[in-house]
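J.: Dropping the structure in here first, questions after.
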């Protein structure tokens with residue numbers, strides 16, 4: 001399993017611009033052919049180049065797993081069609097709420113999901129139906145932005161270093177995998193902003209150090 005270093009548009013916060021599941025990755029249209037090929041090779045996914053709501057910040061605005069994708073209410077029809085055509089059969093849910101940054105407030109894998117505690121019961125039910133998993137609510141490091149504070153795969157979770165023991169247990173209960181803590185991009189604790197990953201590999205921001213890469217590999221069970 002591979003871990004590659006990358007950035008988009010000169011930024012090491014690639015998790016803000018992109019997201020990955022075991023089947024697909026969404027990146028902005030401006031990503032070069034070389035980077036697109038590296039992403040496909042590393043993550044072994046179908047690559048979708050699209051904006052979300054005419055924004056390049058797909059990783060912040062969208063969230064998904066192998067079953068479904070959550071999108072904000074202002075997503076365009078052509079963006080939805082780009083996802084559906086590349087991933088036939090996937091559940092695509094446009095969340096008709098004032099909240100838009102679902103990549104920041106939901107953390108999911110194919111085994112479960114954890115969401116911002118401020119979401120209401122209807123939103124949580126829609127998320128559960130779309131992703132096909134049970135959804136629990138919880139925080140990481142005392143903050144509700146669970147999607148930006150951690151990266152989850154079907155093999156493990158890497159979360160903010162100030163994760164409490166109670167929060168650790170909640171993540172394990174929700175996502176049904178082991179949980180570790182670490183940073184990306186030379187000490188940034190908002191792991192989800194600079195790391196995307198799936199069961200096959202990971203892409204970290206280009207400032208991520210050797211020791212950080214080692215912890216990522218351990219947490220996401222990539223070290224053979």
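The values are calculated or read from the model by the stated rules, or taken from the named source; none is laboratory data. Predicted model only: the values in this text are computed from it and were never measured. Counting neighbours? That spans all protein chains shown, and the Cβs are built from the backbone with ideal geometry, glycine included.
J.: With respect to residue 29, is the statement that it is assigned to a loop (DSSP other than H, G, I, E, B), more than 22 Å from residue 217 (Cβ to Cβ) and at pLDDT 95 or above true? So that I can check it myself, show each step before the final result.
T.: Working: assigned to a loop (DSSP other than H, G, I, E, B): yes; more than 22 Å from residue 217 (Cβ to Cβ): yes; at pLDDT 95 or above: yes.
When the stated conditions are applied, residue 29 passes them.
J.: Return the residue satisfying two criteria in turn: it lies in the range 68-99 and is buried (at least 20 other Cβ atoms within 10 Å of the Cβ) and touching a residue at least 40 places away in the same chain (Cβ under 8 Å), and of such residues it is farthest from residue 119 (Cα to Cα).
T.: Applying the filter and picking the extreme gives 87.
J.: Look at the range 205-224 and say how many of its residues are surrounded by 14 or more Cβ atoms within 10 Å (Cβ to Cβ) and assigned to a loop (DSSP other than H, G, I, E, B).
T.: Summing the residues that are surrounded by 14 or more Cβ atoms within 10 Å (Cβ to Cβ) and assigned to a loop (DSSP other than H, G, I, E, B) in the range 205-224 gives 7.
J.: Within the range 138-147, is even one residue in a helix (DSSP H, G or I), under 15 Å from residue 105 (Cβ atoms) and in contact with a helix residue (DSSP H, G or I) (Cβ under 8 Å, 6 or more places away or on another chain)?
T.: As a first pass, look at the range 138-147 and keep what is in a helix (DSSP H, G or I): 146-147.
If we keep only those that are under 15 Å from residue 105 (Cβ atoms) too, we end up with 146-147.
Subsequent filtering for residues that are in contact with a helix residue (DSSP H, G or I) (Cβ under 8 Å, 6 or more places away or on another chain) retains 146-147.
Yes, the range 138-147 contains a residue that is in a helix (DSSP H, G or I), under 15 Å from residue 105 (Cβ atoms) and in contact with a helix residue (DSSP H, G or I) (Cβ under 8 Å, 6 or more places away or on another chain).
J.: Determine which member of the set 171, 143, 163 is within 30 Å of residue 206 (Cβ to Cβ), surrounded by fewer than 18 Cβ atoms within 10 Å (Cβ to Cβ) and either more than 12 Å from the chain's Cα centre (by Cα) or modelled with pLDDT under 95 (or both).
T.: Details: 171 fails: surrounded by fewer than 18 Cβ atoms within 10 Å (Cβ to Cβ); 163 fails: surrounded by fewer than 18 Cβ atoms within 10 Å (Cβ to Cβ).
Every option except 143 fails the conditions.
J.: Determine if the range 52-62 includes at least one residue that is assigned to a helix (DSSP H, G or I) and at pLDDT below 95. Walk me through how you get there before you give the answer.
T.: Here is the first cut: in the range 52-62, the ones assigned to a helix (DSSP H, G or I) are 58-61.
Filter once more, keeping what is at pLDDT below 95: none.
Checked the range 52-62: no residue is assigned to a helix (DSSP H, G or I) and at pLDDT below 95.
J.: Restricting to the range 32-51, give me the number of residues that are part of a loop (DSSP other than H, G, I, E, B) and in contact (Cβ under 8 Å) with a residue 60 or more places away in the chain.
T.: Taking the range 32-51 first, the residues part of a loop (DSSP other than H, G, I, E, B) are 32, 44-45, 50-51.
Those still in the list that are in contact (Cβ under 8 Å) with a residue 60 or more places away in the chain too: 44-45.
Residues in the range 32-51 being part of a loop (DSSP other than H, G, I, E, B) and in contact (Cβ under 8 Å) with a residue 60 or more places away in the chain: 2 in total.
J.: Might you let me know whether the range 2-20 holds any residue that is surrounded by 18 or more Cβ atoms within 10 Å (Cβ to Cβ), at pLDDT below 95 and within 23 Å of residue 183 (Cβ to Cβ)?
T.: Within the range 2-20, one or more residues are surrounded by 18 or more Cβ atoms within 10 Å (Cβ to Cβ), at pLDDT below 95 and within 23 Å of residue 183 (Cβ to Cβ).
J.: What about residue 124, is it more than 14 Å from residue 180 (Cβ to Cβ) and crowded, with 18+ Cβ neighbours inside 10 Å?
T.: Working: more than 14 Å from residue 180 (Cβ to Cβ): yes; crowded, with 18+ Cβ neighbours inside 10 Å: yes.
Criteria met by residue 124.
J.: Looking at this structure, is residue 5 within 30 Å of residue 128 (Cβ to Cβ), in a strand (DSSP E or B) and either touching a residue at least 12 places away in the same chain (Cβ under 8 Å) or under 18 Å from the mean Cα position of the chain (by Cα) (or both)? Spell out the reasoning first.
T.: Numbers: within 30 Å of residue 128 (Cβ to Cβ): no; in a strand (DSSP E or B): yes; either touching a residue at least 12 places away in the same chain (Cβ under 8 Å) or under 18 Å from the mean Cα position of the chain (by Cα) (or both): yes.
No, not satisfied.
J.: Looking at residue 119, is it in a loop (DSSP other than H, G, I, E, B), crowded, with 22+ Cβ neighbours inside 10 Å and without any contact (Cβ under 8 Å) to a residue 24 or more places away in the chain? Let's see the steps before the verdict.
T.: Details: in a loop (DSSP other than H, G, I, E, B): yes; crowded, with 22+ Cβ neighbours inside 10 Å: no; without any contact (Cβ under 8 Å) to a residue 24 or more places away in the chain: yes.
Answer is no for this residue.
J.: Within the range 40-49, is there a residue that is crowded, with 24+ Cβ neighbours inside 10 Å and at pLDDT 95 or above?
T.: Quick first cut of the range 40-49, residues crowded, with 24+ Cβ neighbours inside 10 Å only: 43.
Checking the rest, the ones that are also at pLDDT 95 or above come to 43.
So far as the range 40-49 goes, yes, one or more of its residues are crowded, with 24+ Cβ neighbours inside 10 Å and at pLDDT 95 or above.
J.: Going through the range 96-112 one residue at a time, which ones are over 14 Å from residue 153 (Cα atoms) and part of a loop (DSSP other than H, G, I, E, B)?
T.: 96, 97, 98, 99, 100, 101
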